[in-house]
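Chemist: This structure is in structure tokens; I'll ask about it shortly.
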Amino acid sequence: MKATKTNPGNYFEDFKFGQILKHATPRTVTVGDAAIYMSLYGPRFAVQSSDAFSKEIGYPEAPLDDLLAFHVVFGKTVPDISLNAIANLGYADGRFLVPVYPGDTISTTSEVIGLKENSNGETGTVFVRSTGRNQNGDVVLEYARWVMVRKRDKSSPAPAAVVPDLPDRVPPESLGQAVPQLNVSRYDMDLAGSPFLWGDYAVGEKIDHVDGMSLEEAEHQMATRLYQNTAKVHFNLHTESKGRFGKRIVYGGVVISLARALSFNGLGNAFHVAAINAGRHVAPCFAGDTVYAWSEVLEKAEIPGRTDVGALRTRLVATKNENCAQLPYKTADGKYADSVILDLDLWLILPRAEA
Amino acid sequence: MKATKTNPGNYFEDFKFGQILKHATPRTVTVGDAAIYMSLYGPRFAVQSSDAFSKEIGYPEAPLDDLLAFHVVFGKTVPDISLNAIANLGYADGRFLVPVYPGDTISTTSEVIGLKENSNGETGTVFVRSTGRNQNGDVVLEYARWVMVRKRDKSSPAPAAVVPDLPDRVPPESLGQAVPQLNVSRYDMDLAGSPFLWGDYAVGEKIDHVDGMSLEEAEHQMATRLYQNTAKVHFNLHTESKGRFGKRIVYGGVVISLARALSFNGLGNAFHVAAINAGRHVAPCFAGDTVYAWSEVLEKAEIPGRTDVGALRTRLVATKNENCAQLPYKTADGKYADSVILDLDLWLILPRAEA
Amino acid sequence: MKATKTNPGNYFEDFKFGQILKHATPRTVTVGDAAIYMSLYGPRFAVQSSDAFSKEIGYPEAPLDDLLAFHVVFGKTVPDISLNAIANLGYADGRFLVPVYPGDTISTTSEVIGLKENSNGETGTVFVRSTGRNQNGDVVLEYARWVMVRKRDKSSPAPAAVVPDLPDRVPPESLGQAVPQLNVSRYDMDLAGSPFLWGDYAVGEKIDHVDGMSLEEAEHQMATRLYQNTAKVHFNLHTESKGRFGKRIVYGGVVISLARALSFNGLGNAFHVAAINAGRHVAPCFAGDTVYAWSEVLEKAEIPGRTDVGALRTRLVATKNENCAQLPYKTADGKYADSVILDLDLWLILPRAEA
């Protein structure tokens, strides 16, 4: 019998290059999760909101929000990957490959794709590729993430440094796999809430999503538990009140989902997140903060073989307690503006006008 | 390409008499929504709580709460009707016509049925009739609402004034369409939680619903997002903290649902809201307030052709931070008492004792 | 017609020995309830989280959390049993007999199994056995509870005192009825999140569940309404702010569910609560408190006729605002330590290693 039956989490020296971690807990996602997701963020994309709308254009029913699936996959990795993490450094190469429907069960594995000890000998960066699969074994989504993790023992030898070669962005030719061939003639833009299709957006265009949403402790705790994410800093006022910030920290995924929901106002037909090319939580967010967002179109791409949908690469920036009328991002010295909390590089899928 | 892709909402001069607005976003309502609705308000009417109870008396399964459907329909109108509204002035002629079941998809249209510019030239009243339909095109509910909306430009010419002729109350002969023929002999009053049927109530009877329920920010935000209602005043602490009240305002529909749920204590068999004859949000409500309610029976009506159910017309009054033991309503000068926040005139359906 | 149509609740003299109370409201529990339960407490047991996992080992689908069913049954008893209660004194002989699945409808009855007036003549203890049944009439769970209830009238004569003889613990031979015969070879411990099976635990073993979870007002109100529990002290800030504690009291069941969810960390394969042998809410809990938990293994039992699962009897202790590294329980004088809020004696079911 081991000395303890509780999970201490992994420390930097516990990770081995090439190691596969099979995470607990498989999770059946349902219309219940979809409803809570809606009540927490207020997304309004018609495809995820309506079975009738989805069926009309070619889905068997309304898929779950892409980011709900992402957070569930992410949540499973926390007890094994980031329980002893100091910082969630970044995301790359995130791909949404198969729609997730109510009733699907999602399981997650992670592969250690890089390790690099920091010069202080106290921490190191762990790079993982996490993969979510449904009950049929199909990969529904995968993404690379890197986190800074504490060493258990400073004297442990450093592993051979391996930094994975991650793409700047997911190539357009691999996008849209989670979107069935759409019958665009049945895509009702009045119901969808926006008259702007893929062709209406231009590279360089910037969109202030206008609205702001304030966050409450109960909301982010409910969200984070919904994903079975166990990171202590989100839940424990007793310890966090004595910690670095004096309060609980909002799970960064809550900010991602809020910013995505706000982006409906200006990107109403961008119904699917096809890829997370890169992402960074620039600053922490707390209950009481008001989140705003804006987007810039970075790139437009046709998807080979498809005339129904096209891809927009956008930078989705979220701020707190400052609206985005001035599109806050970086200052002259290249640092993030004070109000910026999230910098996300996405591929979004939109319908194209019929030829 | 337009200058902006975000929705600025309509201003008074954007509305035309007779205009039909087709609102985004169609919304499939599910057992997930039903569960959140229960967790937010705590209704206890057996018909909406139990498939087994509902089937026993003649429903195919438990219908969703009438007011959940109402709020979903209402929520869709906000981006087009009331984004630039100053005040939600009133409701009339609300009819619940077809039950809404889990899995149904609700869409909403509104017709402009009246316009009247105010003498200040800065605002005007817009009257709309909003109609919610299910995926089969059946009208599940409809209601008239009027709101005071800002003009974009004070110099815009005033439209011809049209004030619709709205009924004082929905006529009894049109009530109960959303209730199947009930097998009242199988209606179990112990399970329903009240021994009082339609015949047990008398016109003039007043019922203090006794209990009070306090509201939290997270609760009203979750409720309002669940309905995809985007009115800014409910969500943005950053701007509202500098606004008129210094804080977020609770969506009036939250108060309606709380008062209705509280009314179970005294009206436990009034399982269906058949009509909203009239309604007014008398004063705003904020997180931290405690809501109480009382009812007065205004009228009793048989429904032509039906002996299973009868209709009670009630005034449902909600107060804040004062219990309803003294039945607070209006003062001698005809003004609402300070604690009153909601004045609602409803038709409720109750089973009748068997002959 | 009665003088009032509202429910005043029962007072001590209203209860008769042997009386059966049939409670309102039957409640269909769904995947919506399961999702809210997860968002409120964050349980991670694989059986309740995953249809795929459950099917693999022998369930037809994922059952609902045992304690969700318990709280729904409990909630129904409140308007009839404990609306005028001063204290919820204890639980015993709780048995979980049939799994509850999404779509099941739960109804509750209670039998008065004991009555004992207190010497002050103002209150008395009411002992009830409450029984939850599904739509087929199967008893899904039952438990004894005793509460201190006010007398309406001090001069009412005391009933003959009857104190029921309740077992110290449910006998092992009656455990596990709600668990189908499991195919343990298909029980994946990686997915379940713990390598420790029934055989790995020893009597006397103590487990600090490490994590803490802070409670918000919105969370406990949403939980308590989800169970249609109407006890006023949980919801009414207006009256409670002038009451004994100056604030709303968290429903004790919320603490039970939080402690159970926290216990995953150390008891990850204890997927089923088979019995509540005894239980006591030692001290009240309030919003802002952080709940911790620890367990002690009190007894190990084989279940006659079964080699797939075994039973662990554990004491589950919850504390507030003090972590459980020191396993706080009772002080030298036999009183509970200041931080202890819950003392629960459970039978848990775990898979056994294959022979």
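Chemist: If I go through region A:94-117 residue by residue, how many of them are touching a Ser or Thr at 6+ places or on another chain (Cβ under 7 Å), farther than 22 Å from C:Lys55 by Cβ and not charged (D, E, K, R)?
Modeler: So the count comes out to 1.
Chemist: Also: Going through region C:41-62 one residue at a time, which ones are under 20 Å from C:Gly268 (Cβ atoms) and either of a type in the set (Lys, Arg) or touching a helix residue (DSSP H, G or I) at 6+ places or on another chain (Cβ under 6 Å) (or both)?
Modeler: C:Tyr41, C:Gly42, C:Pro43, C:Arg44, C:Ala46, C:Val47, C:Phe53, C:Ser54, C:Lys55, C:Glu56, C:Ile57, C:Ala62
Chemist: Can I ask one more? Looking only at region B:210-229, which residues are more than 7 Å from chain C (Cβ to nearest Cβ) and either of a type in the set (A, V, I, L, M) or open to solvent by less than 30 Å² (accessible area, probe 1.4 Å) (or both)?
Modeler: Once the filter is applied, which keeps residues that are more than 7 Å from chain C (Cβ to nearest Cβ) and either of a type in the set (A, V, I, L, M) or open to solvent by less than 30 Å² (accessible area, probe 1.4 Å) (or both), region B:210-229 yields B:Leu215, B:His220, B:Gln221, B:Met222, B:Ala223, B:Thr224, B:Arg225, B:Leu226, B:Tyr227, B:Gln228, B:Asn229.
Chemist: Further question: Sort out which residues of region B:230-239 are more than 8 Å from chain A (Cβ to nearest Cβ) and open to solvent by less than 30 Å² (accessible area, probe 1.4 Å), and write them in order of number.
Modeler: Selection gives B:Ala231, B:His234.
Chemist: Could you pull out the residue among A:Gly32, A:Gly90, A:Gly9 that is of a type in the set (Gly, Ala, Ser) and either crowded, with 24+ Cβ neighbours inside 10 Å or within 14 Å of chain B (Cβ to nearest Cβ) (or both)?
Modeler: None of the other options fit; the residue is A:Gly32.
Chemist: With the requirement that a residue be within 13 Å of chain C (Cβ to nearest Cβ), closer than 13 Å to B:Val210 by Cβ and aliphatic (A, V, I, L, M), what does region B:250-269 give you?
Modeler: Residues satisfying the conditions are B:Ala261, B:Leu262, B:Leu267.
Chemist: Among C:Lys320, C:Lys300, C:Lys247, which is the only one that is closer than 21 Å to C:Val184 by Cβ, open to solvent by 40 Å² or more (accessible area, probe 1.4 Å) and either in contact (Cβ under 8 Å) with a residue 40 or more places away in the chain or within 13 Å of chain A (Cβ to nearest Cβ) (or both)?
Modeler: C:Lys300
Okay, residues lined up against (1) free of Cβ contacts under 8 Å to residues at least 60 places away in the same chain; (2) part of a loop (DSSP other than H, G, I, E, B):
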{"site": "C:Phe17", "(1), (2)": "no, yes"}
{"site": "C:Ala24", "(1), (2)": "yes, yes"}
{"site": "C:Ile36", "(1), (2)": "no, no"}
{"site": "C:Gly75", "(1), (2)": "no, no"}
{"site": "C:Ile81", "(1), (2)": "no, no"}
{"site": "C:Ala87", "(1), (2)": "no, no"}
{"site": "C:Thr109", "(1), (2)": "no, no"}
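Chemist: Residues being touching a helix residue (DSSP H, G or I) at 6+ places or on another chain (Cβ under 7 Å) and among the polar types (S, T, N, Q): count how many of those fall in region B:289-332.
Modeler: 2
Chemist: Does region B:1-56 hold any residues that are over 25 Å from A:Asp208 (Cα atoms) and hydroxyl-bearing (Ser, Thr, Tyr), and which are they?
Modeler: Residues satisfying the conditions are B:Thr28, B:Thr30, B:Tyr37, B:Ser39, B:Tyr41, B:Ser49, B:Ser50, B:Ser54.
Chemist: Among the residues of region B:116-138, is there at least one that is in a strand (DSSP E or B), of a type in the set (Lys, Arg) and open to solvent by less than 10 Å² (accessible area, probe 1.4 Å)?
Modeler: No, because not a single residue in region B:116-138 is in a strand (DSSP E or B), of a type in the set (Lys, Arg) and open to solvent by less than 10 Å² (accessible area, probe 1.4 Å).
Chemist: Return yes or no: is C:Tyr59 part of a strand (DSSP E or B), among the aromatic types (Phe, Trp, Tyr) and more than 7 Å from every other protein chain (Cβ to nearest Cβ)?
Modeler: no
Chemist: Still on this structure: Given C:Pro99, C:Pro79, C:Pro60, which one is open to solvent by 10 Å² or more (accessible area, probe 1.4 Å) and more than 26 Å from B:Arg44 (Cα to Cα)?
Modeler: Unique residue meeting the criteria: C:Pro60.
Chemist: When you check C:Lys76 against the structure, is it at pLDDT 95 or above and facing another protein chain (nearest Cβ under 10 Å), yes or no?
Modeler: Against the criterion (at pLDDT 95 or above and facing another protein chain (nearest Cβ under 10 Å)), C:Lys76 qualifies.
Chemist: Please give the number of the condition A:Asp333 fails out of (1) open to solvent by 40 Å² or more (accessible area, probe 1.4 Å); (2) assigned to a strand (DSSP E or B); (3) charged (D, E, K, R).
Modeler: (2)
Chemist: How many residues does region B:1-29 hold that are more than 30 Å from A:Ser295 (Cβ to Cβ) and β-branched (Val, Ile, Thr)?
Modeler: The total comes to 1.
The values are calculated or read from the model by the stated rules, or taken from the named source; none is laboratory data. All figures in this text were calculated on a predicted structure; none of them were measured in a lab. Here the Cβ is made from the backbone with ideal geometry for all residues, glycine too, and neighbour counts use every protein chain on show. Ligands, DNA and RNA are excluded from the accessible area calculation, which covers all protein heavy atoms including side chains. Shrake-Rupley method; radii C 1.70, N 1.55, O 1.52, S 1.80 Å.
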